[in-house]
1. Over the range B:3-181, what is the mean sequence separation of C-alpha contacts under 8 Å (at least six apart), divided by residue count, expressed as relative contact order in percent?
2. Enter the mean number of other protein chain beta carbons within 10 Å of the beta carbon of each residue in B:164-171, as an integer.
3. Enter the mean number of other protein chain beta carbons within 10 Å of the beta carbon of each residue in A:47-55, as an integer.
4. Put +1 on the Cβ of each Lys and Arg and -1 on the Cβ of each Asp and Glu in the protein assembly as shown; which of A:43, B:64, A:19 then has its Cα farthest toward the positive end of the dipole?
5. Residue by residue, what Karplus-based ³J(HN,Hα) values in Hz, rounded to whole numbers, does the range A:129-135 have, using 6.51, -1.76 and 1.60 with θ = phi - 60° and x for Gly and Pro?
6. Quick check on the exposure proxy: order A:56, B:118, A:178 from fewest to most C-beta atoms within 10 angstrom.
7. Where does each of A:176, B:133 land when they are ranked from fewest to most other beta-carbon atoms within 10 angstrom?
8. How high is the FRET efficiency between residue B:123 and residue A:98 when r is their beta carbon distance and R₀ equals 25 Å, given to the nearest 0.05?
Amino acid sequence: MFGVKNIIQPTYKQNEGVFLDSSQAVYEAIKKAGINFIVSLPCVNLGRLMEMVEEDPTITHVPVTREEEGFGICAGAFMGGKRPGILMQNSGLGNSVNALASLFELYKIPVLMIMSHRGTEGEFMGAQVPMGKATPLVLDALKIKYFNPKKPEDAFNIIPEAWQTAEADGAPIGILLDIKFW
Amino acid sequence: MKRIEAIEKLSSSLTDELVICNIGFPSRELHHLKDSPNQFYMMGSMGLASSIGLGVAMSTTKRVVVIDGDGSVLMNMGSMVTVCNQNPKNLVWIVLDNECYGSTGSQCTYASSFQLGDLAKSIGFINVFSFDLNSEIDFSEVLSSEGLVFVHIKVEPGNADVPVIPMEPEEIRDRFIKTIKE
């Protein structure tokens, strides 16, 4: 199985936020975490979430051309006083390794990484599997903590807690959302 | 004109602007000429100066100046499209173009094969300044220009004999955040 060295066991109580809709749950969780600056690149599974973010007047939404660029923007936004997050496919993690090490780790900058994890169980496209398998290993190599909520209510509870950890650590934190999550 | 001379002219024209300075010798030269808490020196993440600058510019009303290089712009060229479309009114993006990777031994870039200022115009930048090697540059005019500004300056290859920056990344980050808040 995948490497799971930095995976965190959630400590929340399952007593709030019963959602049937996965995108709505992640959106509400992002709001609850106080994330107010989001950069994004699309994935089919992130489409509805991106629309919700775009329509929210309290969130600055910046579509970017490449995830690495998005991380640079998030670092600047954090120094400017924002709480930044990125919406991306896990392929974007591969595009951003150097920025995560030589910008975020070096300067101790937090960011919430919401990642659609392709190449997981139920994947219809074989081409997604290699990066899908590499994704947890890359996170481990970068010593980035991550959560892997399986259900919408888990995501709703975990994401605000994850942001608090990111802020306390001064480090990026990952939310891996498998294909079956959606 | 040498790059350090361009940076010196710029530095002497700065008042309370926030500065994001590119990795390697540009940051070392700027630090050597005049250090300031307003200046964020990049020690990694080559290519992301304009992205960090965009994130800062979108999070504050203060004027933000990015000191970039041709090799770095080529590494993150999508940023020109993102910055132009986001159109922050408080961002001045200065590219010091020596047509080479100056910090690694002056290997050639492709920057001699096209006009970066023309590219900026075709993307949609309105305020574009272009200076060749023998131009007299008046940075006060550049800095007082309204709205988003793109500045392309040809400089001679070569680095000044200046020491590395004797600061920890966190120190650079913390005082930069503090000065933005003030």
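1. 26 percent
2. 2
3. Per residue, the number of nearby Cβ atoms from other chains is 0 on average.
4. A:19
5. Once θ is set to phi - 60°, the couplings for the range A:129-135 become 5, x, 6, x, 5, 6, 3 Hz.
6. Listed from fewest to most nearby Cβ atoms, that is B:118, A:56, A:178.
7. Least to most surrounded, the residues fall as B:133, A:176.
8. The pair residue B:123/residue A:98 has a calculated efficiency of 0.50.
Only the coordinates and a few stated rules stand behind these numbers; no lab work does. Every value quoted in this text rests on a predicted model; they were computed, and no experiment measured them. No Cβ is skipped: glycine too gets one built from the backbone with ideal geometry, and neighbour counts run over all protein chains shown.
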